[in-house]
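The values are calculated or read from the model by the stated rules, or taken from the named source; none is laboratory data. Note that the structure is predicted; figures quoted are calculated from it, not measured. Don't worry about glycine lacking a Cβ; one is built from the backbone with ideal geometry, like all the others, and counts go over all protein chains shown. Accessible surface is based on the protein model in full, side chains and every heavy atom, while ligands, DNA and RNA are left aside. Shrake-Rupley method; radii C 1.70, N 1.55, O 1.52, S 1.80 Å.
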Amino acid sequence: MSFQIVGTGRANPALVLTNEMVSKLVDTNDEWIVTRTGINTRYVSTDETLLDLSVEAANNALNKAGIEGKDLDLIICSTLEGDYITPSLSCLVQREIGAVCPAVDINAACSGFIYGLDMADAYITSDKAETILLIGAEMMTRHLDWKDRSTCVLFGDGAGAVVLKKGNGLKSIKITAKGDDKLLVIGNVFCSSPFSNQPQTDPHFRMNGGEVFKFAVGSALRDVKEVMKKAGVTVSDVKMLIPHQANLRVSQFVKEKMGFSDEQLASAIDHYGNTSSASIPLLLDELVEEGKLSSGDIIVLTAFGGGLTTGACVIEL
Ligand code: COA
């Protein structure tokens, strides 16, 4: 027995940044961004902290699940980084939602939500936890070089959350890692030390887009095939394929190669951009809210990103 998703929630900053607005900052245009990526707008934080977004998403998910913070056994936040290095984002969420359980942040970049599901599965199957809050929360826009048109058009901010309880929802799951700091990297900023001989790294998001594209389509296709086979489900059993929202062309490639229909492909990249590990739970909550997914539906999740990491799973809602 593993977990069942019993509640979903999401939160976005107030500011909506259109392609038109981005084209005032760098030499780009709406037509290029829409045709190359599928993105029309993205949410960008101004006054909101990552904690604000995480707490709002968490409370939404808890309310829908009918569960209070004090009932949680574990909080996992998937994030590239919280508002502080320490305390972790998850510890501050714990305080804000009235929980008393252990809390930990994990960083598996865009695959982090599926890494979090895998960790939740391990805790629940080993009887270390029965009720877990998993949040994917990212503020990608604070890592961007707003002079680099090849990356700054791609990302947005947001948080999505799920509440997981002991149950039979998870049918199969897989995570992978292949260490690489060439294709996709965000450097760290350290305080200067009189003893250090190490140069400062570039703190901006840098990516070899073409190579990451190849990695994304290849790994997503491999992972989706593998988890569907392991779960014993076919394309016609699946209500929706929910890929990490990085580029509409990546999602469509996987959809076509697997033989899914247009209706089976979930997408929200047009209004979120790439929100890293928040992208899947944001989209999941939208689909549930819009009545496009309900109890008993089978969904396939797939993600890929920095690390390089990947993850995929099959879940019955
Ligand atoms: N506006 C206008 N032109 C742009 C542009 C922009 N925002 N960004 C790049 N260009 C130009 C390039 O300079 C290049 O011009 P050139 O042919 O004169 O040199 C041209 O557009 C094509 O650039 P290229 O990088 O080859 O485009 P692409 O089709 O590969 O699309 C990405 C770029 C980033 C959208 C695409 O590679 C991608 O989505 N990669 C995967 C990203 C991903 O999955 N990330 C997940 C992990 S976070």
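Taken over region 74-87, residues that are touching a strand residue (DSSP E or B) at 6+ places or on another chain (Cβ under 6 Å) and either open to solvent by 60 Å² or more (accessible area, probe 1.4 Å) or at pLDDT below 95 (or both) amount to 0. Among strands (runs of 3 or more DSSP E) entirely within region 1-84, having at least 2 residues that are under 24 Å from Lys128 (Cβ atoms) singles out 2-11, 74-78. From the list Val288, Val233, Val224, Val217, the lone residue that is of a type in the set (Val, Ile, Thr) and open to solvent by less than 10 Å² (accessible area, probe 1.4 Å) is Val224. Return only the number of the condition from (1) open to solvent by 40 Å² or more (accessible area, probe 1.4 Å); (2) within 16 Å of the ligand (Cβ to nearest atom) that Ile39 does not satisfy. For Ile39, the exception is condition (1). Of the residues examined, Asp157 is not one that is away from the ligand (no atom under 12 Å from the Cβ), within 22 Å of the chain's Cα centre (by Cα) and either open to solvent by 80 Å² or more (accessible area, probe 1.4 Å) or modelled with pLDDT under 95 (or both). Selection within region 1-36: residues that are in contact (Cβ under 8 Å) with a residue 60 or more places away in the chain and more than 29 Å from Val217 (Cα to Cα). The member of this set that is surrounded by the fewest Cβ atoms within 10 Å (Cβ to Cβ) is Met1. Look at (1) within 26 Å of Glu286 (Cβ to Cβ); (2) more than 16 Å from the ligand (Cβ to nearest atom); (3) surrounded by fewer than 21 Cβ atoms within 10 Å (Cβ to Cβ) and you find that Leu144 fails only one, number (2). No other residue among Val227, Val212 is within 16 Å of the ligand (Cβ to nearest atom) and part of a helix (DSSP H, G or I) apart from Val212.
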